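See structure below.
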Amino acid sequence: MATLNHTDGFILHGWMVTELHLAGGDLFAFALVNHFSQSKAGVYTGGVTYLSSWTGWSRNTARKHLQRLVEMGLIEETRGVGDEGSFVAY
């Protein structure tokens, strides 16, 4: 699970709106994933559970936003099995 806690922050950059044409939930989800990609881990592994916890969205809504970003080619989804079981990373 991702280690960013609710007291940390992330930035909604103007280029996310002007260049990527993101808005609403897609913008919010992308900004969170982008924040993790800038960390030393380089990936977001919190999945839908962490995103729904952070936003108050249902797991289904969080999944839809992440999937839409994958379909838009803005993030990649990687599935695998690690020491702690199966995982999804973005």
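Data overview
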item: Karplus-derived HN-Hα couplings along segment 55-62 (A = 6.51, B = -1.76, C = 1.60, θ = phi - 60°), whole Hz, x at Gly and Pro; result: 9, x, 6, 5, 4, 5, 5, 4
item: Label-point separation, A31 to M72 (7 Å along Cα→Cβ), nm; result: 1.3
item: Accessible area expressed per residue, the chain, with surrounding protein chains retained (probe 1.4 Å, Å²); result: 61
item: Helix-only [θ]222 nm of the chain, DSSP H runs n ≥ 4, -39500 (n - 2.57) each, per residue, nearest 500; result: -13500 deg cm²/dmol
item: Heavy-atom accessible surface of segment 16-72: percent carbon and sulfur, 1.4 Å; result: 53
item: Calculated FRET efficiency for the pair V81/E19, C-beta based, R₀ 35 Å, to 0.05; result: 0.50
item: Cα-centred dipole magnitude for segment 28-90, charges only on beta-carbon of K, R (+1) and D, E (-1), debye, nearest 20; result: 220
item: For the chain: span of alpha carbons on each principal axis (Å, largest first); result: 40, 29, 26
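The values are calculated or read from the model by the stated rules, or taken from the named source; none is laboratory data. From a predicted model like this one, the values you see are computed outputs, not experimental measurements. Note: ideal-geometry Cβ built from the backbone for every residue, glycine included; neighbour counts use all protein chains shown. When the accessible area is computed, the model is the full protein with side chains, heavy atoms only, and any ligands, DNA or RNA have been set aside. Shrake-Rupley method; radii C 1.70, N 1.55, O 1.52, S 1.80 Å.
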